[in-house]
Amino acid sequence: MRRPDGALGTVRAGAGVGRVRLRFHLEGTVQGVGFRPSCARLASELGLSGWVRNTPGGVALEIEGAEGPAREFSRRLREEAPPLAKYHRFLETGIEVVGEEGFSIRPSETGAQSTGWVLPDLGTCEFCLSEFRDPADRRHLYPFLSCTGCGPRYSILEGLPYDRERTSMRRFPLCAECGGEYADLADRRFHAETTACPACGPKVWFEGPGGTVDGEEALERAARLVKEGSILAVLGLGGFLLVCDATDGGAVRELRKRKRREARPLAVMFPAPASGPLSILQRYAEPGAVPEARFTDAVRPIVILPEKPGTGLAPEVGMGLPWVGAYLPTTALHLRLLDRVGAPVVSTSGNASGEPILTSPEEGRERLGTVADGFLLHDRPILRGVDDSVVRWSGGSEMVLRRARGLAPLPVGAPFEVPPVLGLGGQMKVALAMGLGDRVAVGPHLGDLESASSLRAFRLHAGEFPALLGAKVAALACDNHPGYASSKWAQGCGMPLYRIQHHHAHLAAVMGEAGLGPSSEVLGLSWDGTGLGSDGRIWGGEWMRCGYGNCERLGAFLPFPLLGGDRAAEEPRRVALALVLAATNEETVHEVLGEKFTNNEFKNMLIMVRNQVRECTSLGRLFDGFSCLILGCTHNRFEGEAPMRLEAACSRSPVAFPPATLLENGDPHPGGPRFWVDWRPWVRFVLENRGKGDAGDLAAGFHDALTDAALDGMNLSREWAGGLPAAAGGGCFQNARLLEGLRERMPDLLVARELPPNDGGLSYGQVLVSAAVMRGESGAPMAHPRGDP
Amino acid sequence: MTGATIRLDHGNGGRWTRELVEGIFLRAQGKGAGAALLDAAPLRLEGGRWAFTTDGFVVSPPVFPGGTIGSLAVHGTCNDLAVMGARPRFASSSFILEEGLRTDLLERVVQDMARAAVEAGLALVAGDTKVVEKGRGDGLYIAMSGLGEVPAGRDPMPGNIGPGDAWLVSGPVGDHGAAIVAARGDYALDAPIASDSANLSPLVEALFERVSTVQFLRDATRGGLAQVIVEASGAAGLGAVLEEAAIPVRPAVEGLCDILGFDPLYLACEGRLVACVPWDAASEALDSLRGHPLGVGSAVIGRVAGGREVVLRTRVGGERLLEELEEDPVPRIC
């Protein structure tokens, strides 16, 4: 943050001795958080005159009055900003006094270059919730109440600056009472752009068996539907959720069948009684180290928690995994529904599996008609869909698995000045990232670009995201894999394009989040499912030395055949076969895995190995293979199932695996590593010890073996990478057991913080790497905006 | 005598070459050793429009279930002509032989080619043979050019394609690609897979006989059915919606694709006609295709749409965008 220069305005003759006028220019999350009203209140309290207004870049503010109160204003502005406000830049200058009377909120200034602080949608705040529950309040039970501190933002925004007339709320003119609050300096809804009440705001209604009803009856009918074991589609903050009773196995099975979501665990939303919001959630799940506030704050993410066994959630919810994705109602609408249902509900985004979340009643009726038995709808237009965010905790700190509602598109700091590059991510878990000088705005999770509709959604977002932020794209950054849908889209744009190696982008993202300066380097583990290497081969278990603009592959897991390409990722048994064959012989393979294939399948697998199909070094696939050998997981019914089951199986008494062998790569091809980490001793060890004790001991032992291998590889790497800081990026670090093991041994290990370690963080890394490459091309030195850290 | 294997001398232009040509090529066409060896074939072409095409054949292995590189060359050439609405008439072939090639294999290929040509009514009027050193070629390659006559009123071009038109395919897709892969890799199959290699000209004639408004025709070769429709849609500036459930694929082909991770929609065919006709002519077109032995497995698989996306509606109700073939799963397929 810049230090204000603190200079005071000159004293003008006749204006009174000691009278000063200060001008503030503020950037950061200062719009949509009740910032202007709080300035007005503070000025009024201190007897100062002046004005405040939103600008496309932030907030402009001038105050005038006696020197003491003016200084006091400046101090409190910095120290007592509204809870959600965060300054990125705080400039204060003294200017000439003008003798102004009174304080006003001036109309927003438009047209100039916006600097892109778009707020995410915010869960209903405690003040609004208490009104909601107060029978005497005029917003009692009104599901769309909001204020300067909560309500929709990103999903209803048409452009900056943030004013009601540039949101989809403009179609709801304020009634006299709301208008009064909006204009009243003393009211907490003073300039609350999304404010609404039953008289003037959006309405809720129910469509389903028995026709269409609105108001309280709508909620009653919706709740009844859920209690009866049927499936309800709820149009919420950022799109549709599909909801059913989480304690009713039949209902959950039916939801899975209709949504075609076979086995992926489902999130659960719990009722939040006013007396103790977490009281019901805690009956079913173990919040452990997660602070209570995380469940009730403006973000309200889905938190992956250990499920308490035998508590009554249907087994079909978690499908045998010991966790539950738990959260509390995100808005008053959900709260009201859950109050009436009185039981935890499965809550999953309203779409067909693998497609983007649906956002309008029309779309919902068309696409969810065969999934839902009834619809709880509203008429507040959602301009862009936003999924729920998902987090989990590992070793006392939060890790973001999916960054969406409540978090995106908030910017992440850039460690050096970045040009307006749009990072496009990869193929899976795509999120956009827009370079904005000293920060990068990272958009919400858009999902996997596999279906036609997610691709369309991607194109729309990629087109509008920079414009929404007021940025003009100078270049694009995409993955080096030419077959990714995002890369293909980039190719057709006719703009300067930087293709960034997948695993380099993962590590650059970690470096950037850690604030490492432009010339820094790390010794990193880039461990994930799959990514195209700079040598055209498939990587995914790499030891790398890299900076923002450079990257060298030092080590990798010993390559193994990927039998059937992408099909191998769906069938851990194929990986297991390749691993066992590499570690032993055909006879053993047959003995160990023969029964997991038909005769012809088995023969064909061996033929594929002989035909030298493509190889990979992916740890994600190694996890698949070991999960098959240790637990018998033959197929992934959803992405990452086998690795998740292996993590879940870990006991507290790991057996010690033999160390991985480090092999010198005697004949490195260009892009080939200096050493291989040979996992074959682990395969032989697992084969010898299977069935002798608890499979959980082997599962835990495998995780520990990986930690040891990580360290062994890093120690060897030190020969070429000296004392560089250690970093870890890539989807494998969603595995809390693996991450905790590594952090125990390397307390200073740099990992993802605000961004997901998985491909959701790629775009941010792509922006940083392309920025570094662009600097290198232009020959200009990379400057650190805030001095070198 | 030609000997058991090809020698470099077979390409020297002298006695060895003459003996090879007489002993294998001319004999296959039923021509005696005395047939005049001219440098070019004089042709008398009359009026009308003619279509001219050329193609190289490098398939490995040269003999596969359902055909050889010889019949494939004839079928490929005929099909390139037929989908332009032309009736195949004349062709030339040029053989590149690798030193050491077994002559009985060559003989089989050449016999197969001659037979296929006779069946197609295609006159092989010119030919050439060259030999390259061992290691400089993979057995044998064939280059073939063909000339066909286009009857009046036929003009199947992508520009004719209009929104709402129907897309048809004349049988199960991916057979050729799967047969080659299976033969090459020696994979174990649940049921035998043979190449669909065939001359589509009679099928095209049957179609034109009953449907005068054929908008566009293409034989699905490399890149398979998907590549044909993506390319044609792109050229027409339109999109398409295809129904996965309507696209015929043999279970054995599906099974092999599942093992290898291939998509049958992108797997090569050598005897499948892809046709676009106006929607109201679709059932007439389907009947005429199904009425011919080469088209019994024909199906209407989708429709032309506005926009520029080729969308596949999957069996489970999802939508997938079909795009140009990115990475050829099976090189050297034809």
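Across region B:172-209, the number of residues qualifying as in a loop (DSSP other than H, G, I, E, B) and either within 14 Å of chain A (Cβ to nearest Cβ) or not aliphatic (A, V, I, L, M) (or both) comes to 14. Of all the criteria given as (1) surrounded by 23 or more Cβ atoms within 10 Å (Cβ to Cβ); (2) in contact (Cβ under 8 Å) with a residue 60 or more places away in the chain, the one not satisfied by residue A:93 is (1).
Scanning region B:150-167 for residues that are more than 13 Å from residue B:276 (Cβ to Cβ) and either modelled with pLDDT of 95 or more or of a type outside the set (D, E, K, R) (or both) yields B:150, B:151, B:152, B:153. Against the definition (closer than 28 Å to residue A:29 by Cβ, open to solvent by less than 50 Å² (accessible area, probe 1.4 Å), within 13 Å of chain B (Cβ to nearest Cβ) and not polar (S, T, N, Q)), how does residue A:465 come out, yes or no? Taking the combined requirement at face value, the residue does not satisfy it. Applying the criterion of being assigned to a strand (DSSP E or B) and among the charged types (D, E, K, R) to the residues of region B:28-63, the residue that is nearest to the chain's Cα centre (by Cα) is B:55. For region A:666-716, filtered to residues that are over 17 Å from residue A:736 (Cα atoms) and of a type in the set (S, T, N, Q), the residue that is least open to solvent (accessible area, probe 1.4 Å) is A:689. Of the residues A:324, A:346, A:268, which is outside any loop (DSSP other than H, G, I, E, B) and without any contact (Cβ under 8 Å) to a residue 60 or more places away in the chain? None of the others qualify; the one that does is A:324. Counting only residues that are in a helix (DSSP H, G or I), out of contact with any Pro (no Cβ under 7 Å at 6 or more places or on another chain), without any contact (Cβ under 8 Å) to a residue 60 or more places away in the chain and away from chain B (no Cβ under 13 Å), how many does region A:576-612 have? So the count comes out to 11.
Only strands (runs of 3 or more DSSP E) whose full extent lies in region A:203-249 are considered here, and the ones with at least 3 residues that are without any contact (Cβ under 8 Å) to a residue 24 or more places away in the chain are A:211-214. Residue count for region B:1-32, restricted to those that are over 16 Å from residue B:110 (Cα atoms) and hydrophobic (A, V, I, L, M, F, W, C): 3. When restricted to residues that are at pLDDT below 95 and within 12 Å of the chain's Cα centre (by Cα), region B:178-204 contains 0. Residue check: residue A:507 meets all listed conditions (1) under 28 Å from residue A:159 (Cβ atoms); (2) away from chain B (no Cβ under 14 Å); (3) of a type in the set (A, V, I, L, M, F, W, C); (4) crowded, with 21+ Cβ neighbours inside 10 Å but one, namely (1).
For the structure I just gave you, tell me whether residue A:254 is charged (D, E, K, R), in contact with a Cys (Cβ under 8 Å, 6 or more places away or on another chain), more than 14 Å from chain B (Cβ to nearest Cβ) and surrounded by fewer than 22 Cβ atoms within 10 Å (Cβ to Cβ). Criteria met by residue A:254.
For residue A:603, the criteria (1) within 30 Å of residue A:507 (Cα to Cα); (2) more than 38 Å from the chain's Cα centre (by Cα) hold in every case but one, which is (1).
Cβ-Cβ distances below 8 Å connect the following pairs, each with a first residue in region B:46-66 that is over 16 Å from residue B:330 (Cβ atoms) and open to solvent by less than 60 Å² (accessible area, probe 1.4 Å), a second residue that is aromatic (Phe, Trp, Tyr) and in a strand (DSSP E or B), and a separation of six or more residues or different chains: B:56/B:141. Look at region A:558-579 and say how many of its residues are open to solvent by less than 10 Å² (accessible area, probe 1.4 Å) and touching a helix residue (DSSP H, G or I) at 6+ places or on another chain (Cβ under 6 Å). Total satisfying the criteria: 10. Pairs meeting the criteria (first residue in region B:114-139 and farther than 17 Å from residue B:70 by Cα, second residue open to solvent by 30 Å² or more (accessible area, probe 1.4 Å) and in a strand (DSSP E or B), beta carbons under 7 Å, at least 6 apart or on different chains) are B:132/B:96. Scanning region A:415-460 for residues that are part of a loop (DSSP other than H, G, I, E, B), within 14 Å of chain B (Cβ to nearest Cβ) and more than 15 Å from the chain's Cα centre (by Cα) yields A:427, A:449, A:450, A:451.
Take region A:607-644 and flag every residue that is among the basic types (Lys, Arg) and crowded, with 22+ Cβ neighbours inside 10 Å. Correct list: A:621 only. Cβ-Cβ distances below 8 Å connect the following pairs, each with a first residue in region B:248-270 that is within 9 Å of chain A (Cβ to nearest Cβ), a second residue that is of a type in the set (Lys, Arg) and open to solvent by 20 Å² or more (accessible area, probe 1.4 Å), and a separation of six or more residues or different chains: B:258/A:567; B:259/A:567; B:260/A:567; B:261/A:567. Of all the criteria given as (1) more than 30 Å from the chain's Cα centre (by Cα); (2) over 17 Å from residue A:182 (Cα atoms); (3) crowded, with 20+ Cβ neighbours inside 10 Å; (4) of a type outside the set (Asp, Glu), the one not satisfied by residue A:102 is (3). Residue pairs whose Cβ atoms lie under 9 Å apart, separated by 6 or more positions or on different chains, with the first residue in region B:309-324 and at the interface with another protein chain (Cβ under 7 Å from one of its Cβ atoms) and the second surrounded by fewer than 19 Cβ atoms within 10 Å (Cβ to Cβ) and of a type in the set (A, V, I, L, M, F, W, C), are B:309/B:241; B:311/B:241; B:311/B:305; B:319/B:241.
Of the numbered criteria (1) on the phi < 0 side of the Ramachandran plot; (2) out of contact with any helix residue (DSSP H, G or I) (no Cβ under 9 Å at 6 or more places or on another chain); (3) not in a helix (DSSP H, G or I), the one residue A:470 fails is (1).
Say whether the condition of being under 20 Å from the mean Cα position of the chain (by Cα), within 14 Å of chain B (Cβ to nearest Cβ), open to solvent by less than 10 Å² (accessible area, probe 1.4 Å) and polar (S, T, N, Q) is met by at least one residue in region A:487-503. No, the conditions are met nowhere in region A:487-503.
The values are calculated or read from the model by the stated rules, or taken from the named source; none is laboratory data. Owing to the predicted nature of the structure, the values given are computational and were not obtained by experimental measurement. With ideal geometry, Cβ positions are generated from the backbone for all residues, glycine too; neighbour counts draw on all protein chains shown. Just so you know, the surface numbers come from the protein's heavy atoms only, side chains and all, with ligands and any DNA or RNA stripped out. Shrake-Rupley method; radii C 1.70, N 1.55, O 1.52, S 1.80 Å.
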